[in-house]
Every structure is written in structure tokens, then in C-alpha cells.
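The values are calculated or read from the model by the stated rules, or taken from the named source; none is laboratory data. It should be emphasised that the depicted structure is a prediction, and the values quoted were computed from it without experimental measurement. Ideal geometry is used to build each Cβ from the backbone, glycine not excepted, and the neighbour counts take in all protein chains shown. Surface accessibility is based on the protein's heavy atoms, side chains included, excluding ligands, DNA and RNA. Shrake-Rupley method; radii C 1.70, N 1.55, O 1.52, S 1.80 Å.
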Amino acid sequence: MQKPAVTLMVKAARSAGNVLLRHMHRLDALNIVEKDRMDYASEVDSLAEAEIIKEFRRATPDYAILGEESGPIGQARFTWVIDPLDGTSNYLHGIPHFCVSIALCENGEPIHGVIFDPLRNDLFTTSRGSGTQLNEKRVRIAERKDLTGAMLITGFPPRERARASAHLKCLDNLLVDAEDVRRTGSAALDLAYVACGRADAYFEAGLKPWDIAAGALMVREAGGKVCDFKGRSTGPMDNRGLPPRQLVAGNLKIADALQNRIVNTGYAAAFD
């Protein structure tokens with residue numbers, strides 16, 4: 001049985017997902033804003049986030065909110081961390097791969113998470129100590145023991161293009177052993193896919209709390225490991241309220257192997 005907080009989160013995520021689907025066929029009419037270099041948002045992001053916030057304000061008026069579009073609202077022990085449209089660039093180009101991601105954090109640590117893919121109707125849910133579910137069925141992380149034959153996922157965020165050469169050098173090295181590397185355009189879904197075994201491991205830099213808060217918990221609750229490029233355990237926010245700059249996720253063995261390869265190729269040092 002879902003916990004009450006997760007039930008509320010699912011309701012909010014489905015409401016936001018409906019907003020995304022309603023606007024999919026009028027992309028040419030959307031108002032689009034460039035928040036940063038090659039980092040875009042549309043009115044749909046804001047509309048979807050407003051739907052989520054409406055649900056949470058009604059049910060938990062004393063909780064704080066950290067939304068990708070709204071920013072921080074209030075301060076409290078509990079904070080809703082919201083990405084109303086993870087994969088905005090995919091969405092705006094008509095590429096059918098995006099999601100809604102919501103986490104509830106207690107003092108900066110995620111305790112519940114929901115990731116909803118409205119196109120596939122895939123609903124990922126998790127709670128601390130209760131495992132991870134895909135469409136109400138328990139899932140586990142893949143059991144691959146090393147990088148040989150692994151399916152990896154990464155990303156190339158615009159804010160980290162200055163380190164692209166180091167990133168590509170690392171990928172060149174990984175492809176000696178890995179089956180392939182995917183770049184899907186949605187960090188939240190990447191983590192959900194690792195949690196349910198659709199991919200073996202994921203790594204990316206330049207992440208924000210709303211990108212990873214739900215997905216990182218899903219990986220851990222599915223039996224996996226989440227760390228930064230130096231191997232340090234990390235949550236969505238540190239004690240200053242800041243997100244990690246990099247993330248590695250996979251089962252215990254492959255996460256360690258991937259993190260070591262990131263160090264040995266010099267990619268980790270690019271962030272020193």
C-alpha cells in the first residue's frame with residue numbers, strides 16, 4: 001500500500017503529466033524562454049509546476065517547496081522538490097522522452113520519490129526503507145558485475161561544455177568495454193531506468209536537486225549506489241542547500257568501476 005505522501009505525489013504528478021500531454025500538439029505556439037545558454041523553459045513547464053504546487057499547498061501548507069521554475073518557497077523541515085518537465089529540450093523538439101519528477105525531502109534528504117512518464121504511463125515510486133516500484137511492482141537494479149558489456153547513460157549539459165573534452169575522453173575509454181552509451185535527455189528517467197534495470201549505470205555533471213532528488217533515492221532503494229565523481233556519498237543537497245555537481249549511479253560493483261574509470265581518465269579532475 002502506498003504511503004499517504006506518495007499517494008499525494010502520484011496525484012500531483014499525474015495532473016502535471018496531463019498538462020504536458022495537452023500541449024504536446026501545439027509546440028509551435030508555446031512561449032519559450034532561454035533561462036541560460038542553451039537551457040530552455042516553456043510556459044508548459046510553469047503550468048505543470050503550478051498544478052503540482054496547487055496540490056501540495058492544499059494538502060501540506062506548512063511544507064517548503066523547491067521548484068525548477070518557481071525556485072525556493074519557504075523554509076521547513078520538509079521540502080517538496082519539483083521538476084515539472086524533466087527533458088524540456090526533448091519535449092520542445094517533439095522527442096517522446098520526458099517526465100515529471102517529485103521528491104519529498106526531510107532536512108535535505110529524500111524520503112519519498114515519484115517519477116512519471118506520461119507518454120508510456122510508467123509510474124516509478126519509492127520511499128526510504130520500502131524499495132522502488134514500477135507500476136506497483138517491485139524492481140531491482142541490474143546485477144552486471146563490471147563494465148564489460150554494460151549499457152551506460154550519460155548527459156552533456158550546456159553548463160558543463162567547458163569540460164566536454166575530458167568527458168569525451170572518458171567516453172572513449174568506456175566504450176572499449178561497454179556495450180554502448182545512451183544520452184536520453186532526462187536525468188530523472190535515466191536514474192529511474194538504472195533503478196529498474198533498463199540500464200546498468202549512469203553518470204553526469206552539472207545536475208540540480210530537482211533533476212536527481214527522486215531518482216537518486218530510487219537507485220538506492222533498488223539496491224544501488226549513488227556517489228559523486230570522487231566516490232563520495234551524496235544526496236540531492238549538501239549542508240549548504242547546494243546540489244552535487246556530478247553523480248554516478250549503478251549497482252555497488254559497476255558504480256565503483258565507473259567512478260574509478262572517471263577518475264583514471266582525468267574527467268573527475270576537470271572539476272577540481
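A few comments on the model shown:
- Scanning region 159-218 for residues that are open to solvent by 10 Å² or more (accessible area, probe 1.4 Å), acidic (Asp, Glu) and under 23 Å from ASP146 (Cα atoms) yields ASP172, ASP177, GLU179, ASP180, ASP200, GLU204.
- Positions within region 119-155 being in contact with a Lys or Arg (Cβ under 6 Å, 6 or more places away or on another chain) and open to solvent by 20 Å² or more (accessible area, probe 1.4 Å), in sequence order: LYS145
- Note on region 160-207: residues that are among the aromatic types (Phe, Trp, Tyr) and farther than 14 Å from GLN259 by Cα amount to 1.
- One residue from GLY71, GLY108, GLY94, GLY87 being open to solvent by less than 50 Å² (accessible area, probe 1.4 Å) and in contact with an Asp or Glu (Cβ under 8 Å, 6 or more places away or on another chain): GLY108
- Scanning region 163-184 for residues that are touching a helix residue (DSSP H, G or I) at 6+ places or on another chain (Cβ under 8 Å) and either outside any strand (DSSP E or B) or among the polar types (S, T, N, Q) (or both) turns up ARG163, ALA166, HIS167, CYS170, ASN173, LEU174, THR184.
- Near pairs, Cβ below 6 angstrom, 6+ apart or cross-chain, from region 7-31 (at pLDDT 75 or above) to any residue that is open to solvent by 20 Å² or more (accessible area, probe 1.4 Å) and of a type in the set (A, V, I, L, M, F, W, C): LEU8/ALA59; VAL19/LEU47
- Search result, residues across region 142-162 that are in contact with a strand residue (DSSP E or B) (Cβ under 7 Å, 6 or more places away or on another chain), of a type in the set (A, V, I, L, M, F, W, C) and assigned to a loop (DSSP other than H, G, I, E, B): ALA150
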